[in-house]
Ligand code: 13P
Ligand code: SF4
């Protein structure tokens, strides 16, 4: 990794000047559907044509063209989570992936500015790993029910209650919480992280369901917290079994933030990228992605032979990120992610321990 040990977050220039002061504000370009815009974006429309009607593209395309031009002008890179809408995922993102992939890619980013299309904890993670870069999130209110379920003070109390028990924190937490813990994990490496201590008891917080799903795959005793993802906790085994009964050919592919009884009936469980890879590799004729709605839209053009069966649940936080907000973010250099340096150093260590784990 190339980061300096200096957090760089509120150093003299950074502390006094906002990102807008440091980089300057650019006036929002005219957003017109011109022959140039049509030509510039034609190849991108091909990627989203199954989700955006042709008649609506003239509304999207001027934003796509303006964002892609501004990215170059600003020397910025857009990181987008797999739950972002198709026009973000396919038309303006430079790097897409699950939480672990985005955290890893964030360590390699060359650009001066990172625009994080995802939720707040993801942008904070990018900032922790890139203290000298400017990290922007197009909507500061893009939160996460898991991240909001626990505070640093809660973790300190857990440590008092379970002295000596290592604390593994899901990356879906604030920097303040990460700073109190030993190591982070994501849904794709949680079992490996839990087992990396070689002890018989580990606290795995704050997602109760992820912890129960990890516990089913390891001999390590898992202690947890009562946090839930508001998107995945709503799926029930009954509704999924009803789909399966109606059509036994359907394969159920679930995220480990789902309740245990949902995961138990799934044909595959994994991180968002794990789910995407499963569908890409196996191409089941019919699949029910038990997760956020945009996942099926984002992958469907790659696997036209797969029939994606609903239901899905929408993450209202992920959906706060839109093309107009991304454009404003790049024009006005907002909203800037800053992390208190006293917290950042300790939180970074927890993320770096995870990123540096050998696979
Ligand atoms: P992944 O790490 O699997 O991308 O999950 C992130 C998330 O927020 C799922 O709800
Ligand atoms: Fe948080 Fe759930 Fe939304 Fe993921 S889907 S960001 S865990 S609320």
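Here are the criteria: (1) modelled with pLDDT of 95 or more; (2) surrounded by 13 or more Cβ atoms within 10 Å (Cβ to Cβ); (3) over 24 Å from the mean Cα position of the chain (by Cα). Tell me which single one residue 29 does not satisfy.
(1)
State whether one or more residues within region 315-334 are within 19 Å of residue 187 (Cβ to Cβ) and in contact with a strand residue (DSSP E or B) (Cβ under 8 Å, 6 or more places away or on another chain).
Taking every residue of region 315-334 in turn, at least one turns out to be within 19 Å of residue 187 (Cβ to Cβ) and in contact with a strand residue (DSSP E or B) (Cβ under 8 Å, 6 or more places away or on another chain).
Mind checking which residues of region 294-312 are under 18 Å from residue 244 (Cα atoms), touching a helix residue (DSSP H, G or I) at 6+ places or on another chain (Cβ under 7 Å) and not in a loop (DSSP other than H, G, I, E, B)?
If the condition is that a residue be under 18 Å from residue 244 (Cα atoms), touching a helix residue (DSSP H, G or I) at 6+ places or on another chain (Cβ under 7 Å) and not in a loop (DSSP other than H, G, I, E, B), then 308 is the only one that fits.
Picking from 311, 304, 324, 341, which residue would you name as being modelled with pLDDT of 95 or more and surrounded by fewer than 19 Cβ atoms within 10 Å (Cβ to Cβ)?
324
Quick one: what pairs do we get from region 305-332, first residue within 21 Å of residue 134 (Cβ to Cβ) and in contact (Cβ under 8 Å) with a residue 24 or more places away in the chain, second away from ligand 1 (no atom under 16 Å from the Cβ) and assigned to a strand (DSSP E or B), C-beta under 6 Å, 6+ apart or different chains?
329/115; 329/136
Being surrounded by fewer than 18 Cβ atoms within 10 Å (Cβ to Cβ) and more than 22 Å from residue 62 (Cα to Cα) is the requirement here; does residue 295 meet it? Steps first, please.
Details: surrounded by fewer than 18 Cβ atoms within 10 Å (Cβ to Cβ): no; more than 22 Å from residue 62 (Cα to Cα): yes.
No, not satisfied.
Of all residues in region 101-118, count the ones that are within 13 Å of ligand 1 (Cβ to nearest atom), buried (at least 24 other Cβ atoms within 10 Å of the Cβ) and either more than 17 Å from residue 327 (Cα to Cα) or at pLDDT below 95 (or both).
Looking only at that region, the number is 1.
Take the residues in region 184-212 that are more than 22 Å from the chain's Cα centre (by Cα) and assigned to a strand (DSSP E or B); name whichever of them is farthest from ligand 1 (Cβ to nearest atom).
Going through the qualifying residues, I end up with 201.
When the residues of region 68-100 are narrowed to those that are in a helix (DSSP H, G or I) and within 26 Å of residue 231 (Cβ to Cβ), which ends up modelled with the lowest pLDDT?
100
Residues of region 344-355 being in contact (Cβ under 8 Å) with a residue 24 or more places away in the chain, over 18 Å from the mean Cα position of the chain (by Cα) and surrounded by fewer than 21 Cβ atoms within 10 Å (Cβ to Cβ), which ones? Spell out the reasoning first.
So the first thing to find is which residues in region 344-355 are in contact (Cβ under 8 Å) with a residue 24 or more places away in the chain, and the list is 344-348, 350-355.
Keeping just the survivors that are over 18 Å from the mean Cα position of the chain (by Cα) gives 344-346, 353.
Passing the criteria: 345, 346, 353.
Identify all residues within region 335-352 that are assigned to a loop (DSSP other than H, G, I, E, B) and in contact with a strand residue (DSSP E or B) (Cβ under 8 Å, 6 or more places away or on another chain); write none if there are none. Lay out the reasoning, then the answer.
Keep residues of region 335-352 that are assigned to a loop (DSSP other than H, G, I, E, B), which gives 335, 337-340.
Within region 335-352, 335, 337 meet the criteria.
Can you give me the ranges of the helices (runs of 4 or more DSSP H) entirely in region 213-293 with at least 3 residues that are within 16 Å of ligand 2 (Cβ to nearest atom) and closer than 30 Å to residue 197 by Cα?
Result: 272-282.
Condition test on residue 288, is it modelled with pLDDT of 95 or more and touching a strand residue (DSSP E or B) at 6+ places or on another chain (Cβ under 7 Å)?
yes
Hey, residue 86 hits all of (1) within 30 Å of residue 203 (Cα to Cα); (2) more than 16 Å from ligand 1 (Cβ to nearest atom); (3) touching a helix residue (DSSP H, G or I) at 6+ places or on another chain (Cβ under 9 Å) but one; which does it fall short on?
All conditions pass for residue 86, except number (1).
To keep it simple, each residue is scored yes or no on (1) within 16 Å of ligand 1 (Cβ to nearest atom); (2) in contact with a helix residue (DSSP H, G or I) (Cβ under 6 Å, 6 or more places away or on another chain); (3) touching a residue at least 12 places away in the same chain (Cβ under 8 Å).
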{"position": "124", "(1), (2), (3)": "yes, yes, yes"}
{"position": "131", "(1), (2), (3)": "no, no, yes"}
{"position": "136", "(1), (2), (3)": "no, yes, yes"}
{"position": "145", "(1), (2), (3)": "yes, no, yes"}
{"position": "151", "(1), (2), (3)": "no, no, yes"}
{"position": "154", "(1), (2), (3)": "no, no, yes"}
{"position": "160", "(1), (2), (3)": "no, no, no"}
{"position": "167", "(1), (2), (3)": "no, no, yes"}
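Tally up the residues in region 266-292 that are away from ligand 1 (no atom under 11 Å from the Cβ) and free of Cβ contacts under 8 Å to residues at least 40 places away in the same chain, please.
15
The values are calculated or read from the model by the stated rules, or taken from the named source; none is laboratory data. Since the structure is predicted, the reported quantities are computational estimates derived from the model, not experimental observations. Here the Cβ is made from the backbone with ideal geometry for all residues, glycine too, and neighbour counts use every protein chain on show.
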